[in-house]
Amino acid sequence: MSDVMAPNEGARSEGLITVEALPPQGQITLRCEMSEDYRTKLSDALGMAFPDQRGSVTDGDRALLWMSPDELLLLVPYDAVDGVMESLNAAFDGWFIAITNLSDARAQFRVSGPHLRDILAKVTPTDMAPRGFPVGDVRRSRLAQVAAGYWLRSEDEAQVFVFRSVGAYAFEALSTLAQPGGEVNFLSA
Amino acid sequence: MSTRLARGGRFTDRSKQIGFTFNGRRFTGYEGDTLASALLAADQVLLGRSYKFHRPRGIVASGPEEPNALVHLGEGARFEPDQRATTTELFDGLVSSSQNHWPSLEFDVGEINAKLARFLPAGFYYKTFLWPRSFWKHLYEPVIRQAAGLGQAPHPEARDADRYEHYHAHVDLLVVGGGVAGLLAAKTAAEAGAEVLLIEQTAHWGGRAPVDGGTIDGMEPGAWVDETVAALQAMPNVKMRSRMMGAGVYDHGYVLGYERLTDHKPGAAGPRHRLWRIRAKQVITATGAIERPLSFAGNDVPGVMLASAVRDYVVNWGVAPGDRTVVVTNNDDAYRTAILLKQAGLDVPAIIDARPMGGGALMQEARDLGIKVEPGRGISKVLGGQRVSGVAICDQTGSGGELDTIACDAVAMSGGWSPVVHLFSHCGGKLEWDAEGHFFRPDASRAPTGADGAPFVSACGAANGFLSLPETLHCAAKAGAAVAGKLGHEATATTPEAVVTPESPLAPVWLMPQGARADLKMKAFLDYQNDVKVSDVQLAAREGYESVEHTKRYTTLGMASDQGKLSNINGLAILADALGTPIPQVGTTTFRPPYTPISFGAIAGEARGDIFQPLRRTPMQDWHEANNAAWEIVGQWRRPYCYPRGGETRHDAVNREITATRESLGLLDASTLGKILVKGPDAGRFLDMMYTNMMSTLPVGKCRYGLMCNENGFLMDDGVVVRLSEDSWLCHTTSGGADHVHAHMEDWLQCEWWDWKVYTANLTEQYAQIAVVGPNARKLLEKLGGMDVSPEALPFMGWADGSLADTPVRVYRISFSGELSYEIAIPANRGRAFWGKLLEAGAEWNITPYGTEALHVMRAEKGFIMIGDESDGTVIPQDLGLNWAISKKKDDYLGKRAQERHDMARGDRWKLVGLKTLDGSVLPDGCYAPAPGKNANGQRNTQGRVTSTYWSPTLKKGIAMGLVLNGPDRMGEVISFTAEDQDETRDELTTVEARIVNPVFFDPKGEKQDV
């Protein structure tokens, strides 16, 4: 057995959507101002574009998610975190920024299926309609009773993240609400 | 008798029979029936007993306004009381029974109450049963509770068999009500390009227009409805949901919808109810109107129904509520009922029209059919008990002298119509009195407004006071176009051509006859559900009740589960008359959501069973579960309290865990501790404000215990602060306090010190944290290997990054037990594996995982405080002798000024001390130390209380901490505490003697932790 165990490892349920716990994911939280200086600096350091408000930028196995007016989430392979942290810390030496490794702090799920938007609309008050939540966008909201983030990766696939301690709750809630018979056919026809 | 007609019933499918039971009797109905229509078809007119007087009651209405026909529905895990028969769609195997009767529906002992009615007037419970005082609790209340009430509660052990859920929808326009007005408004707005959600509470579109007749664009209304529904269904920007009621309208366009998915097919897959939480930019209420009863004696006898409901049963379900139906009215619309019944081949002995001149064209039509019309007359009283047998006729202008009696088995009454203004009113929409129609209607100039100050709710159709079909449609088209315009679409209102027989004006009739005698008024019911009569409201007025809101509460008018849908307007008209005040001046009571009761299941949504609430799990939770942990609730965490082995009691387990830890080696899952990173050039300055101590001077590589107070000076949280680097600190918080402390920090950073360069991050869940505690702790870490944990390399209150057993770790040399102790932070994904490595390597020292209780006892032995035990929101650090942790060098910190206030600074506060019982017993938790005398309220004076108390297995006796008046100055003194078995009703005290001592019971010099 590997020493590294992601929360809810191996959890998977199939219903109106498929809910799968993801393997360990490198997650680096960046808190900084989003002025031109910082944008350029970060884009240069990562070789990635800077995401729009509420948006994301993907580059292979890396992604940069807009989280708030002064917060970004950088997703990288779990084993690459130390290297990326090191190079970012070097690039931003002397700058006012907080670069924090939160790779173990959250449970991540892939949720997918044609009923995706409707099932998510059962747990979050955020507008899940296509015009309110286009593909590639990120929302920080809640999942039933816990804080959650949503990243819409394609029309029928989203990455959902919650704090690791409530991963089991989030998995159960999503699986319960995805049980057959619960079709809403409102956003997903 | 009421019966199924030979043909008819636009909702029923007579090829599909459905079996059901009522009070154990088997009945048969058809697919499409409601429980009410099926019972009526089987001549089951008596459905229940009234709330207060146990009067026999039957069906009055055909929809959600029904006050009487409430039944017990379902069995076992699907049993529900107070279900309206009129909105219950029939399904095969339905089980129902009547409510509030004993011993049987037909013979009810409680009907005696009716004979005593004159002794049970409005507010009787405020006036009677007052003496002797003790009789209320032991005699009157139990008897009244037994007699009053409607349905039974479900069995306490029954568990709802169904599931429920919420759904969040965001729409441009929500149209509530799928009658012709709602359909046309939705279509008009949708054709202009608006995105529309149209909801209808019943299973059918079209409302009551198909029953009431006339033509739309040359078509029967039903045909027009079908055509319009088909057109709407074909539009991609329109969503339609039937069986979904608009339950409430709230601020900012927030609307609750109540969707009943499987009530008509219990056991079907999927949720039973879905609560829609809708954000709409605009809302149109097309909720129609409800007919008003007339107030005459015996208007509650089974068989007396609303005239419109009688029509509904005939047209929609092919059911005749009676063979001989007398129609009584103050308007033309009720003539439609008489005409319809006559055309169906039923007998209509008379139309009693309270208007001196009767009606217009519809009256002529009725006369042409050979129906006798009696203008200027009223019903003096209804004859019959469990069933209408006839009516006594009188002059409407008189006091009720009988002119004639007419035999009949049903009465169809109409007192005019009231627009359903509820949803318009929920969020502050105001009403105006319509002097012509004699009803309250929405005042568009005072509609509910949104965040932009502009109205977001518009009423249309009958809900807006336009009762005739042409007016309804005109209003709906206008509303649809106007709202589309507000949403940025160009729209034109096109009203279809509608034709109906014109009506002559209604005459307001609030009491029948106008000057009814006292004995008649005592039988003229306003509120059927709460048994409120005309005489009750008049009595309230005589007793000085002027406000309609006060009268409502005094008489209980409109306070039942139907919320006065039939009774409100009639009741306040009676009140206005009694007060000699115009109706609009008296006004209405407040309309509050939900429109009709919604299930608790829908409100709870998916939150039941395992997902009733989130349970937070540490990375080691599986291990705790597998090792028989007894749990302690800490916020949303479940932390192991102890791990009982074999037949061990919890107490024994705690003692074993403590002894093993103090003698050799213990292990604690401390992952729940809050961990907040504070970073930036101003982080030190910021923490100096957050904590009472000086944190900016803490050297890198060191730890310091810190106290956090709120701005009122009270102790809020505590924990060890770690200096990670020149510009970053890690703040440990209590397990329950992490989120709160993080929010507290962000509050000050974002709202007060927004220009300070500080970022925070909540790292609580990034790390598993494990305390390795006991004299053998260092040996274990050395055995794991990978970093230097010697006292030189890692002294007490120091920390180091490194590796242990090939796992990246950060080790803090801190102790909450008084033992040699290391708290080890591991990336959470590796926490479970590292826990296993510790257990394996520690076996040779009998490594013993311990729970929160052992933690508590060990910290109490050391005199360490616990937030929530020694602090309770009223305690300042100075009370706890923590002055050493309050910096004198700092100009300011949160709470400093508050702590200098007189009450905080006074010398005679209760302060922390240790308490040692003279007999070695354990003091009761939370008990008080009485002092001589009594206070101004006659309560015994006190001089202290116990905050923490435990059996110490180390010291083999009870130990406690407590807050005692001037405590630290009274060392050695013996004071008394109340014992656990104190009898509150007796004045003498049972006490336990305890000596005031130093709170540090164990190793006061701290030699064990610093080795």
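Taking 15 Å as the cut-off, the amide N atoms of region B:315-352 that come nearer than this to a point 7 Å along the Cα-to-beta-carbon line of B:ASP404 belong to B:325-329, B:348-352. Past 32 Å, Cα to Cα, is the threshold; run B:LYS675/B:LYS911; B:LYS430/B:LYS533; A:LYS41/B:LYS890; B:LYS783/B:LYS1008 against it and keep the listed order. In this structure, A:LYS41/B:LYS890 lie more than 32 Å apart at Cα. Cross-link reach is defined here as a Cα-Cα straight distance under 18 Å, omitting same-chain residues fewer than 8 places apart; for B:LYS956 the lysines meeting it are B:LYS862, B:LYS916. Compared with the direct C-alpha span, the chain from B:GLU792 to B:GLU973 gains 60.9 nm at full extension, assuming 0.36 nm per residue.
Shielding by partners for A:167-177, please: the mean number of other protein chain Cβ atoms within 10 Å of each residue's Cβ. Could the numbers behind the result be given before it?
Numbers: counts 4, 7, 9, 2, 1, 6, 6, 2, 1, 8, 8.
Taking all residues of A:167-177 together, the mean is 5.
Between B:HIS740 and B:SER725, the simple label model (points 7 Å from Cα in the Cβ direction) yields a spacing of 3.2 nm.
If we count other beta carbons within 10 Å of each Cβ, what is the order of A:TRP95, B:TRP317, fewest first?
Values: A:TRP95 13, B:TRP317 27.
Taking fewest neighbouring Cβ atoms as first place, the list is A:TRP95, B:TRP317.
For B:LYS16, a cut-off of 18 angstrom between C-alpha atoms picks up these aspartates and glutamates, skipping any fewer than 8 places away in its own chain: B:GLU31, B:ASP33, B:GLU89, B:ASP92. Projecting the Cα positions of B:ILE824, B:ALA576, B:PRO271 onto the charge dipole of the protein assembly as shown (unit charges on Cβ atoms of Lys, Arg, Asp and Glu, taken about the Cα centre) puts B:ALA576 furthest along the positive direction.
Over 55 Å apart: what share of the alpha carbon pairs of the protein assembly as shown falls there, rounded to a whole percent? Present the calculation step by step, with values, prior to reporting the outcome.
On the way: 269480 of 719400 pairs.
Tail of the P(r) past 55 Å holds 37 percent of the pairs.
Each of B:GLY298, B:PRO791, B:TYR705 was placed along the dipole of the protein assembly as shown (beta-carbon charges, centred on the mean Cα), and the one lying farthest toward the positive end is B:GLY298. Legend: translational diffusion of region A:1-132 by Stokes-Einstein, Rh = Kirkwood radius over C-alpha pairs, 37 °C, 0.692 mPa s; D = 199 µm²/s. Find the centroid of the Cα atoms in region B:952-971 and in region B:260-324, then give the distance between the two in whole Å. Cα centroid to Cα centroid, the span is 69 Å. Spherically averaged projected area of the convex hull of Cα atoms, region B:579-733: 20.3 nm².
Distances between every pair of Cα atoms in region A:25-101, grouped in 5 Å steps from 0 to the bin holding the largest one, split as 3, 16, 31, 32, 14, 4, 0 percent.
Please compute the average number of Cβ atoms from other chains found within 10 Å of each residue's Cβ in peptide B:766-776. List each step's numbers first, then the result.
Values: counts 11, 2, 2, 0, 0, 0, 0, 0, 0, 0, 0.
Per residue, the average neighbour count from other chains is 1.
If you average 1/r over all unlike Cα pairs in region B:830-923 and invert the result, what Kirkwood radius do you get in angstrom? It is 17.3 Å. The helix-based estimate of mean residue ellipticity at 222 nm for chain B, built from -39,500 (n - 2.57) per DSSP H run of four or more residues and divided by its residue count, is -6000 deg cm²/dmol to the nearest 500.
Built from the Cα atoms of region B:769-827, the convex hull projects on average onto 3.4 nm², one quarter of its surface area.
For chain B, the fraction of alpha-carbon pairs lying more than 39 Å apart is 59 percent, rounded to a whole number.
In this rough spin-label picture, where each label sits 7 Å from Cα along the Cβ direction, the B:LYS783-B:THR3 distance is 9.4 nm. Normalised by the number of residues in chain A, the mean separation of alpha-carbon contacts (under 8 Å, six or more apart) gives a relative contact order of 26 percent. With unit charges on the beta carbon (Lys/Arg positive, Asp/Glu negative), name the residue among B:VAL678, B:THR760, B:GLY48 whose Cα is farthest towards the positive pole of the charge dipole of the protein assembly as shown. Selected residue: B:GLY48. Taking the DSSP bridge list for chain B and keeping only pairs wholly inside it, about 75 percent are antiparallel. Here the relative contact order of chain B, from alpha carbon pairs under 8 Å that lie six or more residues apart, stands at 9 percent.
Sorted largest first, the principal axis extents computed over the alpha-carbon atoms of region B:907-997 equal 43, 33, 18 Å.
If I stretch the segment between B:LYS372 and B:ALA604 completely, what's the gain in nm (0.36 nm per residue apart, minus their alpha carbon distance), one decimal? Intermediate values should be presented prior to the final figure.
On the way: separation 232, 0.36 × 232 = 83.52 nm, distance 5.51 nm.
Stretched out fully, the B:LYS372 to B:ALA604 stretch lengthens by 78.0 nm.
Relative to the current alpha-carbon distance between B:GLU436 and B:ARG10, full extension at 0.36 nm per residue lengthens the span by 150.0 nm.
For chain A, what does the helix formula give at 222 nm: sum of -39500 (n - 2.57) over DSSP H segments with n ≥ 4, over the residue count, nearest 500 deg cm²/dmol? Here the helix-only value at 222 nm equals -6500 deg cm²/dmol. Based on the Cβ-Cβ distance from B:ASP622 to B:ALA843, what FRET efficiency comes out when R0 is 22 Å, to the nearest 0.05? Using R0 = 22 Å, I get an efficiency of 0.65.
Percent of alpha carbon pairs in region B:450-533 separated by more than 22 Å?
Details: 1936 of 3486 pairs.
Of the Cα pairs, 56 percent sit more than 22 Å apart.
Distance between the modelled labels on B:ARG685 and B:GLN585, one decimal in nanometres: 6.7 nm (7 Å Cα→Cβ projection). Ignoring lysines fewer than eight residues from A:LYS122 along the same chain, the ones with Cα atoms less than 26 angstrom from its Cα are B:LYS239, B:LYS265, B:LYS281.
Using R0 = 30 Å, the C-beta based FRET efficiency linking B:ALA931 and B:ALA905 works out to 0.85. Per-peptide packing, taken as the mean over residues of other Cβ atoms within 10 Å, places A:53-66, A:21-34, B:179-192, B:517-530 in the sequence B:179-192, B:517-530, A:21-34, A:53-66 from highest down. Hull volume per residue, based on the alpha-carbon atoms of region B:674-762 and their convex hull, is 77 Å³. Summing +1 for each Lys or Arg and -1 for each Asp or Glu among the other residues whose beta-carbon sits under 15 angstrom from that of B:MET787 gives 0.
With a ≥ b ≥ c the root eigenvalues of the C-alpha gyration tensor of region B:401-478, is it rounded (a/c under 1.5), prolate (a/b larger than b/c) or oblate? The partial results should precede the final answer.
Details: a/c = 3.33, a/b = 2.46, b/c = 1.35.
Since a/c reaches 1.5 and a/b is larger than b/c, the shape of region B:401-478 is classed as prolate.
We did not get these values from a lab; they are worked out from the coordinates using the rules stated. Since this is a predicted model, take the numbers as computed values, not measurements. All Cβ positions, even for glycine, are placed from backbone atoms using ideal geometry, and neighbour counts span all protein chains on display.
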